[in-house]
Amino acid sequence: MIEAAGLTKHYGTTVAVDDLSFTVEAGRVTGFLGPNGAGKSTTMRMILGLDTPNKGRALIDGKPYVELKRPLGTVGALLDAKWVHPNRSARSHLRWLAKSNHISYQRVDEVLEMVGLTAVAHRNAGGFSLGMAQRLGIAGALLGDPSVLLFDEPVNGLDPEGIVWIRQFMHRLAGEGRTVLVSSHLLSEMAQTAQDLIVIGRGKLIAQTSTDQFIKDATEDSVRVRSPHADKLRELLDGSAAVTDDAVDGALVVHGMDPASIGELAAANGVVLHELSPTRGSLEEAFMQLTKESVEYHGA
């Protein structure tokens, strides 16, 4: 479990994190979301003892990171995939980490196999692509078989197969009872990966809830309807207090009425339907809605 209580971090007059409190539960994949400059990376660094908060504290399984005697056995982290000496091989890099925490070299070969780097373990990490570097960083995070894992943008540089692999891998880790916190700007991927969300903006907590509840609270479900009698159907729907919009392909998008009621209304009035499909709000729509006041940089 990860616990943050009143975390606050200033850089001069800039407030990067502002009285931030949350809990990351074990057995779940928790997404850590926020616009650029929201304070996500700073928060992760404070959790790992790399930055010292001005106020508040962060605990990993009940202890500050600095009090962990063999930290890699409790928490694994990937914050920067390129944090590796370029002239070290992947295997040498992991062996150096392993020796620092009294981890066997056998475990090094195990995690290389887990992330698919066994065939290139002898190559210098400086020549790795971003996707390969990400896999090496994940291997380092897994080295001590920790109960808590933090990943910052872990899918950067991964191909589609790699993205599916890391998604399934995170679900498996959480299914083993581990705590998994992952930060990403790829909202479509987070919608498939994260079961819970922590959303921050300008260093403050915006929401902590399940992914489904976050989307439900910030968006409105609708129903997509296609009919050869679209004009008649629109009149019927408008008369029932539903709100209809036009889709680009000529379909109707209906708000405020469920699919069953629309189907019954159409059947009672002899209106043929070619499509009647509920449309759920997306994580992207919910995120944009709830963080619009927290975006630091806007495009023209």
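The values are calculated or read from the model by the stated rules, or taken from the named source; none is laboratory data. Worth saying up front: this structure is predicted, and the values here are computed from it rather than measured. Every residue, glycine as well, gets a Cβ built from its backbone with ideal geometry; the counts of neighbours run over all protein chains shown.
Here are some notes:
- Subset of segment 146-166 (residues that are under 14 Å from the mean Cα position of the chain (by Cα) and surrounded by fewer than 20 Cβ atoms within 10 Å (Cβ to Cβ)): E153, N156, I163, V164
- Any pair with Cβ under 8 angstrom, 6 or more apart, that starts in segment 7-20 at a residue that is touching a residue at least 60 places away in the same chain (Cβ under 8 Å) and ends at one that is hydroxyl-bearing (S, T, Y) and in a strand (DSSP E or B): V15/T8; V17/T8; D18/T8; D19/T8; L20/T8
- Residue match in segment 172-190 (condition: among the charged types (D, E, K, R) and either part of a strand (DSSP E or B) or closer than 30 Å to E264 by Cβ (or both)): no
- Single residue of V155, V120, V148 found to be free of Cβ contacts under 8 Å to residues at least 40 places away in the same chain and closer than 28 Å to V24 by Cα: V155
- For E220, the criteria (1) touching a residue at least 60 places away in the same chain (Cβ under 8 Å); (2) surrounded by fewer than 15 Cβ atoms within 10 Å (Cβ to Cβ); (3) outside any loop (DSSP other than H, G, I, E, B) hold in every case but one, which is (3).
- Of all residues in segment 116-136, those that are buried (at least 17 other Cβ atoms within 10 Å of the Cβ) and in contact with a strand residue (DSSP E or B) (Cβ under 8 Å, 6 or more places away or on another chain) total 3.
- Looking across segment 72-109, the residues that are outside any loop (DSSP other than H, G, I, E, B) and either under 24 Å from the mean Cα position of the chain (by Cα) or under 24 Å from A26 (Cα atoms) (or both) come down to L72, G73, V75, G76, A77, L78, R107.
Residues are listed down the side, and each one gets a yes or a no for (1) within 20 Å of T209 (Cβ to Cβ); (2) part of a strand (DSSP E or B); (3) out of contact with any Asp or Glu (no Cβ under 6 Å at 6 or more places or on another chain); (4) outside the structural domain of R202 (by TED's automatic domain parsing):
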{"residue": "K9", "(1), (2), (3), (4)": "no, yes, yes, no"}
{"residue": "F22", "(1), (2), (3), (4)": "yes, yes, yes, no"}
{"residue": "G37", "(1), (2), (3), (4)": "no, no, no, no"}
{"residue": "T43", "(1), (2), (3), (4)": "yes, no, yes, no"}
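- Scan of segment 23-59 for residues that are in contact with a Leu (Cβ under 8 Å, 6 or more places away or on another chain) and among the polar types (S, T, N, Q), ordered by number: T30, S41, T43
- Among the residues of segment 47-71, those that are part of a helix (DSSP H, G or I) and either in contact with a Gly (Cβ under 7 Å, 6 or more places away or on another chain) or within 18 Å of L112 (Cβ to Cβ) (or both) comprise Y65, V66.
- Where a residue in segment 277-288 is β-branched (V, I, T) and its partner, wherever it lies, is modelled with pLDDT under 85, with Cβ under 8 Å and at least six apart: T279/D221
- Filter result for the condition that a residue is without any contact (Cβ under 8 Å) to a residue 24 or more places away in the chain and of a type in the set (K, R), over K82, K40, K55, K63: K63
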